[in-house]
Number of protein chains: 2
Amino acid sequence: MHLLTTNSEISLSIFQESLTGWCDVVEDIERNKHENAIWYLIAHWAVRAQHIFHLFISATSFCKDRYAIKISTLHYQENSHSERRERTICDSVLLFFTATMADEVTLLDFWASPFGIRVRIALAEKGVKYEYSEQNLRDKSALLLQMNPVYKKIPTLIHNGRSVCESLIIVQYVDDAWKGKAPLLPSDPYQRAQSRFWADFIDKKVFEITKKIWTTKGEELEGAKKDFIECLKLLEGELGDKPYYGGENLGYVDVAFVPFYCWFYAYETCGSFSIEAECPKIIAWAKRCMQKESVSRSLEDPKKVYEFVLELRKRFGVD
Amino acid sequence: MHLLTTNSEISLSIFQESLTGWCDVVEDIERNKHENAIWYLIAHWAVRAQHIFHLFISATSFCKDRYAIKISTLHYQENSHSERRERTICDSVLLFFTATMADEVTLLDFWASPFGIRVRIALAEKGVKYEYSEQNLRDKSALLLQMNPVYKKIPTLIHNGRSVCESLIIVQYVDDAWKGKAPLLPSDPYQRAQSRFWADFIDKKVFEITKKIWTTKGEELEGAKKDFIECLKLLEGELGDKPYYGGENLGYVDVAFVPFYCWFYAYETCGSFSIEAECPKIIAWAKRCMQKESVSRSLEDPKKVYEFVLELRKRFGVD
């Protein structure tokens, strides 16, 4: 309750005097996206307006507790008249801090989705805490429709009220937004492009082909199995002798591809074939990935996925 | 011919003495991707091995003239025996310099491709000089098959012998590899994600829908026109009141979208409708983009594109 109790101590004259300059600073921060905006503010404003600096600190601790906006609303109700200017300042401060300092992360997801699992692994790799919100894909929530109005699909990541959609774009966003820990994309431009190429290849090929394995029969199924093995051989070639696609560490392509591993049992059982017999290096790689907690905790039980696939087959009229 | 003529002056003993350390340096450079590797090398080696430093300078100027490998081959043929070690060093030097210093850029493309035009705009924005290689898509060249073995499609960019495929991945690569000038993607992680989302949306929607406009008739054509306008309305919404999708400057989404502008006349003529009447803001934006030389020089004449579309319609049996 620091913001409220110390408020009376804050000199309004300093606020008024600083208003124009302060707005300039906020604008500058928004324009230039300073990464360590708090230090920028301190450097520019601590001396000229010590009280504002204290307010920042209060606002920061409040935002971290996620109550900042609620409390500021209370505060506005309690005040009146000339405090309007102060309100404008508080608004900027709070808006700014909720946007940059607080990390409110929600993942709209569906348990069996390999695309959703990608995001779960990426967030786990970065050590980001988040709220997991399971979605009913046959009766989509208002939140999903609002946050992903173009595709209305999971996964959708909500970070401080703003949504990011499409799994590979989300994984890149997670890598960008939490830069410090466990980089997923390589720093070399060419290697980045190669990683993007293979992740995109997985997106374009693996899901469509594997869907055919559990939704078709006869010749079409045989064709799909052949196409899938061809796909995997290309991916084996790209892996080469590296432990992960990311080299020594789990990277973007690993995150894009390994979620399909918990679907392999369903493919193999529906298609009566062994992936390991055809592509042993892929299985060895997947098992290596599974040794990582970020992966093993994010992937689902293959038998549970298979049961889900059997349900889908009934729904699609395959069986 | 500096490398050859000064070769006799280079003390082999210095080479031999420096060999191990030099290999470490090359490894370090490769591992850490030093951007200004030449300065790194100079700082580390100029004092300890002045002759090697002179060799670097020679190698650099040779690489710039693109003759390095040829000349070094000649050089190997002329030498024998204990010069094998020197050869190892030369190999590293030359391989290293061809990889980092020389910018040999070739674009395998097809004139009317909106995907190819994206890359042409990106390269023009960055001021990168390149060789344009028009491809016959009905009789693909050995180079295209070799450089894009997975999709065998244009555009394919070849940069110092290494290929990058898929237009949006190429544009991101160009932005990454020539970082200094005209940034295409915003620096803020959220804005980057939004840019990627809309460029991906254009990839997923615009081409498929617009293809239907010039390949179908009757109800299907009417449906495609409706879908296309819906798409454009979403894109109008995303543009808002900004001059470009990139804000004040041409950015990634502009580069992804504006190539379709030279196809608009064909869509409108085949579909008997006016895009400007439905989405005036999109047309105003496209005209703004056309004021940029990078765009106007890369886009093709709409009437020529229309004639090409008429040919395709005949080939596809639409007319």
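Looking at (1) open to solvent by 30 Å² or more (accessible area, probe 1.4 Å); (2) not in a helix (DSSP H, G or I), which one does A:S298 not meet, given that it meets all the others?
Among (1) open to solvent by 30 Å² or more (accessible area, probe 1.4 Å); (2) not in a helix (DSSP H, G or I), the lone unmet condition for A:S298 is (1).
Quick check on my filter: what residues within the stretch B:213-224 are buried (at least 16 other Cβ atoms within 10 Å of the Cβ) and in contact with a Lys or Arg (Cβ under 9 Å, 6 or more places away or on another chain)? Before you say what the answer is, go through the steps one by one.
Initially, the stretch B:213-224 is screened for residues buried (at least 16 other Cβ atoms within 10 Å of the Cβ), giving B:213-216, B:221, B:224.
Matches in the stretch B:213-224: B:I213, B:W214, B:T215, B:L221, B:A224.
From (1) over 14 Å from the mean Cα position of the chain (by Cα); (2) surrounded by fewer than 19 Cβ atoms within 10 Å (Cβ to Cβ), pick out the condition that doesn't hold for A:S133.
Of (1) over 14 Å from the mean Cα position of the chain (by Cα); (2) surrounded by fewer than 19 Cβ atoms within 10 Å (Cβ to Cβ), only one is false for A:S133: (1).
Search the stretch B:280-294 for residues that are closer than 11 Å to B:Y261 by Cα and pair each with any residue that is among the basic types (K, R) and part of a loop (DSSP other than H, G, I, E, B) when their beta-carbon atoms are under 9 Å apart and the residues are at least 6 apart or on different chains.
Short answer, once both residue conditions are applied: B:W285/B:K242.
List pairs: first in the stretch B:305-318 and touching a residue at least 24 places away in the same chain (Cβ under 8 Å), second outside any helix (DSSP H, G or I) and surrounded by 15 or more Cβ atoms within 10 Å (Cβ to Cβ), Cβ under 8 Å, 6+ apart or cross-chain?
Taking only residues 6 or more apart or on different chains, the pairs are B:V305/B:A112; B:F308/B:A112; B:V318/B:T216.
If you check B:I121 against the conditions, is it under 18 Å from B:Y261 (Cβ atoms), outside the structural domain of B:G247 (by TED's automatic domain parsing) and assigned to a helix (DSSP H, G or I)?
Numbers: under 18 Å from B:Y261 (Cβ atoms): yes; outside the structural domain of B:G247 (by TED's automatic domain parsing): yes; assigned to a helix (DSSP H, G or I): yes.
When the stated conditions are applied, B:I121 passes them.
Where residues in the stretch B:209-219 are among the charged types (D, E, K, R) and in contact with a helix residue (DSSP H, G or I) (Cβ under 9 Å, 6 or more places away or on another chain), which of them is farthest from the other protein chains (Cβ to nearest Cβ)?
B:K212
Can you tell me which residue is nearest to the other protein chains (Cβ to nearest Cβ) among those in the stretch A:138-173 that are surrounded by fewer than 19 Cβ atoms within 10 Å (Cβ to Cβ), out of contact with any strand residue (DSSP E or B) (no Cβ under 8 Å at 6 or more places or on another chain) and of a type in the set (G, A, S)?
A:G161
Among the residues of the stretch A:174-208, which ones are of a type in the set (F, W, Y), part of a helix (DSSP H, G or I) and at the interface with chain B (Cβ under 10 Å from one of its Cβ atoms)?
Listed by number, the residues that qualify are A:Y190, A:F197, A:W198, A:F201.
Scanning for something farther than 27 Å from B:V164 by Cα and part of a helix (DSSP H, G or I), does the stretch A:253-262 turn up at least one residue?
Yes; the residues of the stretch A:253-262 include at least one that is farther than 27 Å from B:V164 by Cα and part of a helix (DSSP H, G or I).
Limited to the stretch A:100-118, what total is found for residues that are part of a loop (DSSP other than H, G, I, E, B), modelled with pLDDT of 95 or more and more than 16 Å from A:A256 (Cβ to Cβ)?
Matching residues across the stretch A:100-118 total 3.
Confirm whether A:R196 is open to solvent by less than 20 Å² (accessible area, probe 1.4 Å) and of a type outside the set (D, E).
yes
How many of the residues in the stretch A:273-295 are over 30 Å from A:L123 (Cβ atoms) and not in a helix (DSSP H, G or I)?
2
Only residues that are touching a helix residue (DSSP H, G or I) at 6+ places or on another chain (Cβ under 6 Å) and open to solvent by 60 Å² or more (accessible area, probe 1.4 Å): list them for the stretch A:266-295, please.
If the condition is that a residue be touching a helix residue (DSSP H, G or I) at 6+ places or on another chain (Cβ under 6 Å) and open to solvent by 60 Å² or more (accessible area, probe 1.4 Å), then A:E276, A:E278, A:K281, A:M290 are the ones that fit.
For A:L232, are the conditions met, namely being closer than 21 Å to A:E125 by Cα and among the hydrophobic types (A, V, I, L, M, F, W, C)?
It is false that A:L232 is closer than 21 Å to A:E125 by Cα and among the hydrophobic types (A, V, I, L, M, F, W, C).
Would you confirm whether any residue within the stretch A:264-272 is among the small types (G, A, S), away from every other protein chain (no Cβ under 14 Å), farther than 24 Å from B:V174 by Cα and not in a helix (DSSP H, G or I)?
Yes, because at least one residue in the stretch A:264-272 is among the small types (G, A, S), away from every other protein chain (no Cβ under 14 Å), farther than 24 Å from B:V174 by Cα and not in a helix (DSSP H, G or I).
The values are calculated or read from the model by the stated rules, or taken from the named source; none is laboratory data. Computed from a predicted model, the values in this text were never measured in an experiment. Here the Cβ is made from the backbone with ideal geometry for all residues, glycine too, and neighbour counts use every protein chain on show. SASA here: full protein model, heavy atoms, side chains in, ligands and nucleic acids out. Shrake-Rupley method; radii C 1.70, N 1.55, O 1.52, S 1.80 Å.
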